[in-house]
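The values are calculated or read from the model by the stated rules, or taken from the named source; none is laboratory data. Since the model is a prediction, treat every value here as computed from it, not as a measurement. Neighbour counts run over all protein chains shown; Cβ positions are idealised from the backbone, glycine included. Note: areas computed on protein heavy atoms with side chains; ligands, DNA, RNA excluded. Shrake-Rupley method; radii C 1.70, N 1.55, O 1.52, S 1.80 Å.
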Amino acid sequence: DEEFNELCFEFGLELDEVTSEKDIISKEKGEEKAKGASDTILYKIDVPANRYDLLCLEGLVRGLQVFKERINLPRYEKIIPAQGEGQRLIITEETVQVRPHAVAAVLRNITFTKERYDSFIDLQEKLHQNICRRRALVAIGTHDLDTISGPFTFTAKAPSEIKFKPLNQSQEYTASQIMDLYRTDSHLRHYLHLIENKPLYPVIYDSNGVVLSMPPIINGDRSKISINTRNVFIECTGTDITKAKIVLDIIVTMFSEYCEKPFSVEAAEVVYPNGKTHIYPELTYRKEKVKPELINKKIGISETPSSLAKLLTRMCLKSHVTGNGNNIEIEIPPTRADIIHACDIVEDAAIAYGYNNIQMTIPKTYTIANQLPLNKLTELLRLDLAAAGFTEALTFALCSQEDIADKLGMDISAIKAVRIANPKTAEFQVARTTLLPGLLKTIAANRKMPLPLKLFEISDIVVKDPDTDVGARNYRHFCAVYYNKSPGFEIIHGLLDRVMQLLEVPPNEENGYTIKASEG
C-alpha cells in the first residue's frame, strides 16, 4: 500500500484511502448493516478533474505503466470502413431546438468480462457527472450493434409520439409516461428537467424504427449491452460539440484495447441536416513545440532537452528534440484533452521530474511581506474595542433584501446593493451594504443571554460602483450595538469618543467630529 501511495504521488495523484465495502458501510450506517458486505480491498484515488483519461482502471493502469516505462504509449487507430459498409447517424433539423449535436463510433469484436463491463458502465457514469455536467452538455448511449440495424436517425418528436420499452423495464411507455415513471427514481430524476419542458424530445431510431435511446434520460431495452456483446455502437448527443468529441474519444481509446485488433476503432459517419457529413471519432493527434529553456525556467531545474523529452514521454506525451536541441516537439494524443497551453506541458514535465526533486531556492527578488495598512488599523481597533468590554461578532457578508431595506425602514430601490444572480436561499440574496442587520440578527439569536449585550463588528460592506472594473467596491465599516433594559446612550457615546481618541480625530466641527440629533 505504501509503495502504491508513493507511486500515485509521483504521478500527481493522491491515494485517498485503502478501505473495503464493509468498512465504508460500517462507518456510515453502523456494524449491523455492514454484515455480509464484501471485504475486498478498495483503493480510493483522487484524480484531477481535467484528467478524463484516468477515470477508469484501463486508463489509470495504462498511464502508470507508461510512467514506469514498462510499456510504450499505444497508437490509437481509426478504421474507416469501405463505402456503404460503415454505420451512419443522420441528424434531422428538428433536433436544433433541443440537442443539436451528435457523434458516433463503433467498437468491433470487443471481448467483455464482468470487470471490463462494470468498468465500461462506470466510466460513462463518471463522465456524465464530470465533463458532461450531469448530462446537460453531453449524454452517452452505448448499444449492442447486433440487435439493431443502421442507418440510425437522431430526431426530435412530441412526447406522445415516442413509444418504446426503456432499459430494464417489462413494457412499453410513451415519453410522457417515462417522465412520470422516473420522477421518483433516485438516479434518473435529476436529469428529467433537461428536456421535460421542451415541446419536442430528442430520440434515436434505427432503420426499422427501433428506439435506441431518448437522450439524456434513458436507453431502449432492445439494444442494451451485456457481457456477451461483441460489437458496441456508441452515440454521444449534446449541446456542446467539443465536449461530445472529447467524451467519444475517451470512451473509445479506453476500451479499444479489448477489441480483436487492440486500440483500433471503427469510424461512423454523421450526416448533418444541411447534408454535410463528418467522420467520427476524430482521434486527432496534434503537435506542439516548446522550448527546453521555458520548461527549465518555469520549473526551476536545468535538464537537457533529451532528458525533458523523456520525462514528457513518460507522461503519455510522446516527445523528441528538434532543431539542434532548440525545440521539443510534443505529440498530444486524443486522450489528453486537458493539454490546452504550453503551461500544461510544463506541469507534466514537473510531475515526471518529481516535485520533491526540485531544489528549493531563495527567490532572487528580496522582499519583506507587510500587513496592509487598513488591516493593521482594523486589528489595533479590535483589541481596544475588546478592552472597552465589547464582544466581536463575525456575521455573513450576504443577507436578504429585507435585512438591508424593509427591516431598517429603507427603500431597496434607493440602496446600491450588489445582487446575487441565482441565490440558493432567501437569506443570501444581496451583499450587505451595512453591518447593522448582522449584529441585530446576532442579538435576536441570543435573547436568552444575560443582559447587557455589547457587540461590535469591523468588516467590509459592498456597494455598486460603475467606475471600478468589477462594478462594485468594498468599504471597511465599523458597527457597535449596546442592548439592555435601559437605552444606555452614554455607553455608545463613550465608545465613539474612545474610537475617535484612538484615531486622533478631535471633537470639533472644523476638522473633527460632532454628534447631532436625527430622526431614527
### Query
Just one of Thr239, Thr253, Thr313, Thr322 is free of Cβ contacts under 8 Å to residues at least 60 places away in the same chain and among the hydroxyl-bearing types (Ser, Thr, Tyr); which is it?
Thr322
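Tell me, please, whether a residue that is closer than 29 Å to Arg51 by Cα and either out of contact with any Cys (no Cβ under 7 Å at 6 or more places or on another chain) or surrounded by fewer than 23 Cβ atoms within 10 Å (Cβ to Cβ) (or both) can be found in the range 204-213. Please lay out each step first, then the result.
First, the residues of the range 204-213 that are closer than 29 Å to Arg51 by Cα: 213.
From the residues that got through so far, the ones that are either out of contact with any Cys (no Cβ under 7 Å at 6 or more places or on another chain) or surrounded by fewer than 23 Cβ atoms within 10 Å (Cβ to Cβ) (or both) too are 213.
Yes - at least one qualifying residue is present in the range 204-213.
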### Query
With respect to the numbered conditions (1) crowded, with 23+ Cβ neighbours inside 10 Å; (2) farther than 24 Å from Thr111 by Cβ, which one is the sole condition not fulfilled by Lys198?
(1)
### Task
For residues that are among the hydroxyl-bearing types (Ser, Thr, Tyr), within 33 Å of the chain's Cα centre (by Cα) and open to solvent by 30 Å² or more (accessible area, probe 1.4 Å), tally how many sit in the range 159-184.
2
